[in-house]
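What follows is a short report on a single structure.
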Amino acid sequence: MIDPDTIRGLLTAIELKDASTAAHTWRVTLYSRALAESLGIDGNRLRRITVGAALHDVGKIDIDDAVLRKADRLNEDEFEAIRAHPVLGYDRLRSMGLGDTEILGMVRSHHEKWDGCGYPDGLTGEAIPVAARFLAVVDVFDAMTSVRPYREEVGTPAAERALGVIRDGRGVSFCPVCVDAFEGLYRSGGVTWILHYFNDGEQTVGFDSIEHLDEAIRGLAPGA
Ligand SMILES: [Fe+2]
């Protein structure tokens, strides 16, 4: 069991750690929730997925700032340090008493790939928790559509390019059902507002203003 204030404390820690990780995390939370809803998920499962998305990169709070914020190419050791974040996050939440398998699965397995070439466990296909599978899709989509110092193209052109990459990875890196669902959601216009949400490279809106997030935290069933 983990109480709402502890979860809020972790989200604050993410915000204080790195503004760009935080902005990415809150958009991914919105995308994940929209995708889950489009797949017919509601009620307590939707709340757990919302909270799991918000916590998915919580392991990054244990990573050295110099590595996390490095603008240049990472060396091998630094790359390994970043790759530790799913297990760091999982271990941290477990040690704090969180037992919810949906949330823990999203934190641990969002960098797994459909073909087994991901990390940390090299899970394949449907062995990857479903919420982690769609988190993998929206994680890449946001990484490719957010403002970065080295990227000029944002907005719709970047989104089309990102969708192309995700479609190319359908059944290879990504779960086919999740790719189709996300593309359908994007084409319906259902996530266009998220694409531009505090994506100006300047300021970060706090997690407390992310629609439905606090309600999800408060509504987590006892035993989470
Ligand atoms: Fe991650």
Estimated FRET transfer efficiency when R0 is 35 angstrom, pair residue 143-residue 215 (beta carbons, to 0.05): 0.85
Hits among lysines - C-alpha to C-alpha of residue 113 under 22 Å, sequence gap 8 or more where chains match: 60
Spacing of the two label points (7 Å from each Cα toward its C-beta) at residue 208 and residue 167, in nm: 4.3
Given charges at beta-carbon only (K, R positive; D, E negative), |dipole| of region 4-219 in Debye: 320
Pairs of alpha carbons in region 91-135 whose separation is greater than 11 Å (percent): 62
Alpha carbon convex hull of region 4-219, projected area averaged over orientations, nm²: 11.0
Förster radius 35 Å - calculated FRET efficiency between residue 82 and residue 6, Cβ distance, rounded to 0.05: 0.90
Mean separation of Cα contacts under 8 Å (6+ apart) over length of the chain, as relative contact order %: 27
Partnerless cysteines, meaning none of the other Cys C-beta atoms lie under 4.7 Å away, in the chain: 117
139, 18 arranged by Cβ crowding within 10 Å, fewest neighbours leading: 18, 139
Segment residue 95-residue 72, length gained on full extension (0.36 nm per residue, minus Cα span): 4.9 nm
Where labels lie 7 Å past Cα in the beta-carbon direction, separation of residue 42 and residue 192 in nm: 2.6
Inter-part distance where region 111-131 and region 1-76 are each reduced to a Cα centre, Å: 19
Max mean-square fluctuation residue, GNM over the chain, Cα-Cα springs under 10 Å, options 38, 173, 109: 38
Global form of region 69-146, assessed from the alpha-carbon gyration tensor, a/c cut-off 1.5: oblate
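Readers should treat all values here as calculations from the given coordinates under stated rules, not as data from a laboratory. No experiment lies behind these values; they were computed from the predicted model shown. All Cβ positions, even for glycine, are placed from backbone atoms using ideal geometry, and neighbour counts span all protein chains on display.
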